[in-house]
1. Mind checking the angle between helix 50-67 and the chain's longest principal axis? C-alpha axes, 0 to 90 degrees, to the nearest 10.
2. How much space per residue, in cubic angstrom, does the convex hull of the C-alpha atoms of the stretch 1-74 take up?
3. Using only alpha carbon pairs under 8 Å that are at least six residues apart, calculate the relative contact order of the stretch 17-103 and give it in whole percent.
4. Points 7 angstrom from Cα along the Cβ direction at residue 107 and residue 21: gap in nanometres?
5. Can you tell me how much longer the chain between residue 128 and residue 51 gets when fully stretched, taken as 0.36 nm per residue apart minus their C-alpha distance, in nm with one decimal?
6. When the helices in the chain are scored as -39500 (n - 2.57) per DSSP H run of 4 or longer and the sum is shared across all residues, what 222 nm value do you end up with, to the nearest 500 deg cm²/dmol?
7. Mind pulling the angle between the C-alpha long axis of helix 88-99 and the longest principal axis of the chain? Nearest 10 degrees, somewhere in 0 to 90.
8. Please give the Cα centre distance for the stretch 86-120 versus the stretch 43-71, rounded to the nearest Å.
Amino acid sequence: MKMQPMNAPDAPQSLSRHYSQAMEVVGASRLLFISGQIPADADGNVPDDFESQARLCWNNLAAQLDAAGMTFANVVKVTVFLKRYEDRDVNAKVRFEVFGAHRPALSTVITDVYDSAWLLEIEAIAVA
């Protein structure tokens, strides 16, 4: 399998260069669609602060990837739903830690989320 980041020169470039506008995948045999991962632990506990919630969401996403025998290197698309615009930089910081040099396609949506205690939710698509 080969993943190729794409950033068309005749379209707007990513705002931060920390994601790709598109990811081409050739030769993948498996697709994993990961539902929105929430900022709760296995017992349903939700931290109060945003950074802890973000880390928990990314950890929950990692757990889903691991269950499928994949890692963050397999992720081709991420959608982050943020409750508050002002939390975008903290989430980006955690996302950079999680992905390292890998730059999957990314969408960030500012919206209300399902539970009033949650400050974000993250879904992803991975390939292998």
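The values are calculated or read from the model by the stated rules, or taken from the named source; none is laboratory data. If you're wondering where the values come from, they're calculated on a predicted model, not measured in any experiment. Cβ: placed from backbone, ideal geometry, glycine included. Neighbour counts: every protein chain shown. For the accessible areas, the whole protein counts, side chains as well, though only heavy atoms, and no ligand, DNA or RNA atoms are used. Shrake-Rupley method; radii C 1.70, N 1.55, O 1.52, S 1.80 Å.
1. With rounding to tens, the tilt is 50 degrees.
2. Measuring per residue, one finds 116 Å³ for the Cα hull of the stretch 1-74.
3. Values: 51 pairs, mean separation 27.8, N = 87.
Answer for the stretch 17-103 is 32 percent.
4. Computed distance between label sites residue 107 and residue 21 equals 1.7 nm.
5. Working: separation 77, 0.36 × 77 = 27.72 nm, distance 2.96 nm.
Answer, rounded to one decimal: 24.8 nm.
6. Rounded to the nearest 500, it is -7500 deg cm²/dmol.
7. 60 degrees
8. Their Cα centres are 12 Å away from one another.
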